[in-house]
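Here is the structure we will look at.
The values are calculated or read from the model by the stated rules, or taken from the named source; none is laboratory data. Values in this document were obtained by computation on a predicted structure and should not be read as measured data. Cβ: placed from backbone, ideal geometry, glycine included. Neighbour counts: every protein chain shown. Heads up: the accessible areas ignore ligands, DNA and RNA and are worked out on the full protein's heavy atoms, side chains in. Shrake-Rupley method; radii C 1.70, N 1.55, O 1.52, S 1.80 Å.
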Amino acid sequence: MKVGVLGSGDVAKTLAGGFLKHGHSVKVGSRNPAKLADWASQTQGGTVGIFDEAAAFGELVVLAVKGKAAADALTLAGLKNLAGKTVIDACNPIEDAPPEKGVLRFFTDINLSLMETLQSQFPDAHFVKAYNSVGVPCMINPKFEGGRPTMFICGNDESAKKQLAAINEQFGWETADMGTVEAARAIEPLCMLWCIPGFKHNDWTHAFKMLTK
Ligand SMILES: NC(=O)c1ccc[n+]([C@@H]2O[C@H](COP(=O)([O-])OP(=O)(O)OC[C@H]3O[C@@H](n4cnc5c(N)ncnc54)[C@H](OP(=O)(O)O)[C@@H]3O)[C@@H](O)[C@H]2O)c1
């Protein structure tokens, strides 16, 4: 599959590396692709471009940019390059303010998530939430004694969620589908919960697992 990754940060580079590892073709996008030159030179097969080029390249798009800039990055990516495509949204709506006693501050409301806002603004894209509440050391094929961790996902489009579940399987995650885009109200704050022990112990190598009978 051809994957366009929007973002030049650690999450974008890590997910791009995961797709390359599993045999997909990848173009990573930034407003300033020169930022990605080192990554591209150290990575076999990964190409870089501006947001618009990465989105046009991808049959599937990954959104891994600063939460506050997500809509701007998607606008730069171009409506026509997103229409009808699965957009894996790894973003968190983190406020530009320090955490309060280790608890991140969000700029969203508990009854309106970032992904709902993006889905309304870009109605022809099929947003699915994933990879927002795990750190880069454990994103791709993590090994835990307790077995495969759980990727909580949501989104309105069933075929996009099937596509994401297949990717999760490749990346070593089991999928728990929480339903439609509104469930992002619960999945985005998992990032807050995930960060609390990180700030407390300066250890970022944990992940969530859903236990069922
Ligand atoms: N860090 C983690 O462990 C982690 C884990 C899970 C999820 N997340 C979430 O994943 C996302 C990416 O995190 P990150 O730490 O890799 O990177 P980041 O520093 O949060 O974001 C960097 C990206 O945001 C883009 N950006 C910033 N301002 C912009 C603007 N005004 N217009 C367009 N694009 C803009 C940058 O674009 P340019 O390339 O053009 O500069 C860059 O690609 C965030 O939403 C974060 O909350 C992070």
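Which pairs have Cβ atoms under 8 Å, sit 6 or more apart or on different chains, and link a residue in segment 35-46 that is without any contact (Cβ under 8 Å) to a residue 24 or more places away in the chain to one that is open to solvent by less than 30 Å² (accessible area, probe 1.4 Å)? That search, which allows pairs on different chains as well, returns ALA40/VAL28; ALA40/GLY46. Sub-6 Å Cβ pairs linking a first residue in segment 3-27 that is modelled with pLDDT of 95 or more to a second residue that is open to solvent by 40 Å² or more (accessible area, probe 1.4 Å) and of a type in the set (A, V, I, L, M, F, W, C), at least 6 apart or interchain, are GLY4/PHE57; ASP10/VAL136; THR14/VAL136; HIS24/MET1; LYS27/PHE57, ordered by first then second residue. At least 2 residues being more than 15 Å from the ligand (Cβ to nearest atom), open to solvent by 60 Å² or more (accessible area, probe 1.4 Å) and at pLDDT below 95 is the threshold, and among the strands (runs of 3 or more DSSP E) wholly inside segment 85-177 not one reaches it. All of (1) without any contact (Cβ under 8 Å) to a residue 12 or more places away in the chain; (2) within 8 Å of the ligand (Cβ to nearest atom) hold for ASN32 with one exception: (1).
Condition check ((1) closer than 17 Å to VAL136 by Cα; (2) open to solvent by 60 Å² or more (accessible area, probe 1.4 Å)) across all residues:
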| site | (1), (2) |
| --- | --- |
| ALA12 | yes, no |
| LEU15 | yes, no |
| LYS21 | yes, yes |
| SER25 | no, no |
| ALA40 | no, no |
| PHE51 | no, no |
| PHE57 | no, no |
| VAL61 | no, no |
